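Below: one structure, written as structure tokens.
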Amino acid sequence: MRTIPDLLLYCRPGFEHECAQEVVAIAGAYGTAPQGTAHVAAGYVTFSSPPQARINGDWRRHIFARQCLPVFAMLDDLPRADRLTPIMQALNARGECFSDAWVEAPETDEGKALAPFCKSFGNALIGGLKKARLLDPNAPHRLHAFFPRSDHVYLASADPACTAPWPQGIPRLKFPREAPSRSTLKLEEALLVLLDERERERWLKPGMSAVDLGAAPGGWTWQLVRRSLRVTAVDNGPMASGLLQSGLVTHRREDGFRFRPARAVDWMVCDMVEQPRRIAELVARWLGAGWCRYAIFNLKLPMKKRFEESQRCLKMITEAAPAGADLRARQLYHDREEITVFARLATRKEPARR
Ligand SMILES: C[S@@+](CC[C@H](N)C(=O)[O-])C[C@H]1O[C@@H](n2cnc3c(N)ncnc32)[C@H](O)[C@@H]1O
């Protein structure tokens, strides 16, 4: 009999090994020994720890996992003609009420082909839960039914406080037609995923100042201008004319690594394509010198040892901050071979989240 894993983690296809390395490292940091084992599959990872040391996942702790779910059942060889009956048997045996049910698949080609099935099966599952009196909008947990194949399902019970609030862990954003580049979606997603609503309100106020390093043609600047921030856009390349006409943007044709703000700004964002260590050094310098309060930047990861390199760069930034730094890193849906990081110096009033 196959053992049921503790955790199910969704990730970008191609980054399963980094996702697995990370969950093992996180389990180790909780002090569980031995650390448990991760099993890698296409677009997802499962993690099993010894019975005396089960861990509860929190997706916010992960860079490479888009979602992190505690599994309670795993069903194989589901009959094609009736997948619902065995799933409802498992749900009735558990007896837990759920606030909602999401039917999901990995973001692989095979998983994408299951999208129509997931949609129709979602309706059937909601119907089954209602009939069994296991659907209650006030229930604390959401049901996830994750199908790597149409005859194989993992069932998980998700606490909304510890799990990503988007199906497949992917916030679906619409490209704003007025934005000068598709990169705009990356900063929009970063602000949505790395900050909570209260932080966005407090830390992104009209009239605040920002520097955008590697700004052209202006997708990231556009996101800041949209929130009425004043932006110094640093890039030798041309900026979209509409942004320059907004009255909120100053374009400086300079090297982003040499640029120094005349006075401290609220935000520094950086999308320059460079070695991750150079970017980490740059961010450490900006934060350490107090040139900005908050930063969002990309770390382009090398082909090999991507997990180790991401950890090394984050450590460099933390060590440069005397009182520690609040660092939140994630491989966003709109990221490819890279991760996106939010950083700010830790303060006594607002302790670090990670
Ligand atoms: C990925 S693009 C940025 C896209 C931009 N964030 C947007 O949303 O439209 C990278 C930009 O970094 C700029 N860049 C690369 N190295 C730079 C440097 N040393 N100083 C300033 N800009 C640099 C490039 O000219 C390029 O425009």
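Derivation of every value follows stated rules applied to the coordinates shown; laboratory data play no part. Since the structure is predicted, the reported quantities are computational estimates derived from the model, not experimental observations. Here the Cβ is made from the backbone with ideal geometry for all residues, glycine too, and neighbour counts use every protein chain on show.
Averaging the sequence gap over all C-alpha pairs within less than 8 Å and six or more residues apart, then dividing by the number of residues, gives the chain a relative contact order of 13 percent. Counting only Cβ charges, +1 for Lys and Arg and -1 for Asp and Glu, the dipole size of the chain around its Cα centre is about 860 debye. Ranking 264, 180, 287 by Cα position along the charge dipole of the chain, where only Lys, Arg, Asp and Glu carry charges on their C-beta atoms, puts 264 farthest toward the positive end. The value given for the stretch 189-319 is a Kirkwood hydrodynamic radius of 15.2 Å, derived from the mean inverse Cα-Cα separation.
When you count the other C-beta atoms within 10 angstrom of each residue and take the mean per peptide, 128-138, 205-215, 94-104 line up highest first as 205-215, 94-104, 128-138. Think of the chain as a dipole: +1 on every Lys or Arg Cβ, -1 on every Asp or Glu Cβ, centred on the Cα centre; then among 216, 165, 106, 216 lies furthest on the positive end. Between the residues 301, 126, 204, the greatest Cα displacement towards the positive end of the dipole of the chain, with unit charges on the Cβ of Lys, Arg, Asp and Glu, is found for 204. The residues 141, 39, 62, when put in order of fewest to most other Cβ atoms within 10 Å, stand as 39, 141, 62. By the Cβ distance rule (another cysteine Cβ under 4.7 Å), the unpaired cysteines of the chain are 68, 97, 118, 162, 270, 292, 313.
Across the stretch 216-354, Cα pairs under 8 Å and at least six residues apart give a relative contact order of 18 percent. When you count the other C-beta atoms within 10 angstrom of each residue and take the mean per peptide, 227-236, 319-328 line up highest first as 227-236, 319-328. Total lysine pairs in the chain at Cα distances under 30 Å, for residues eight or more apart or on different chains: 27. Note on the chain: Cα-only Rg and Dmax are 22.1, 69 Å.
A Cβ-based charge dipole, computed about the Cα centre of the stretch 225-285 with Lys and Arg at +1 and Asp and Glu at -1, lands at about 200 debye.
If you place +1 on the Cβ of every Lys and Arg, -1 on the Cβ of every Asp and Glu, and leave all else neutral, what size is the dipole of the stretch 1-141 about its Cα centre, to the nearest 20 Debye?
Details: 14 positive and 15 negative charges, 74 e Å.
Dipole size: approximately 360 debye.
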